[in-house]
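Please treat every number below as a calculation from the coordinates, not as lab data. All of these numbers come straight from a predicted model, not from anything done at the bench. Every residue, glycine as well, gets a Cβ built from its backbone with ideal geometry; the counts of neighbours run over all protein chains shown.
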Amino acid sequence: MEKLLAFQTAAREGGFVPEKESAEGTVLWLRKNAPATTRDTHQRMCIDALTNSVTVYWMTLPGKLNSKTFRGVPALQEWFEVGPEAILQR
């Protein structure tokens, strides 16, 4: 349970806000509050208590879904820090 709380804390620090939780409480979905980079566009995160992992989903192009799964909090935090360049507003 500590690991899941650590994932939730890292997610909040990464700009995610809770969206919905499964009825059984085993899955928590979060969404990116304010996208700062292209990778953040339409970004969602699933924290899964059954697998003790986090999967982040995002779209870079219409119809192009990407995902990355993390089993450790440090790897998720590092991924947040190594983000691509910011979106240029036109």
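Let's test this: bin the Cα-Cα distances of the range 2-81 at 5 Å from zero up to the farthest pair and state each bin's percent.
Calculated P(r), rounded to whole percents: 3, 16, 29, 27, 16, 7, 1, 0.
Once both labels are modelled 7 Å past Cα along the beta-carbon direction, what's the Thr9-Lys64 spacing in nm?
The two pseudo-label positions are separated by 3.6 nm.
Karplus couplings for the range 66-76 from phi (6.51 cos²θ - 1.76 cosθ + 1.60, θ = phi - 60°), rounded to Hz, Gly and Pro as x?
Using θ = phi - 60°, the values come out as 10, 8, 8, 10, 10, 10, x, 4, x, 5, 5 Hz.
Full extension from Glu78 to Val17: what is 0.36 nm times the residue separation minus their Cα-Cα distance, to one decimal in nm? Intermediate results must be reported in sequence, preceding the final value.
On the way: separation 61, 0.36 × 61 = 21.96 nm, distance 1.88 nm.
Here the answer is 20.1 nm.
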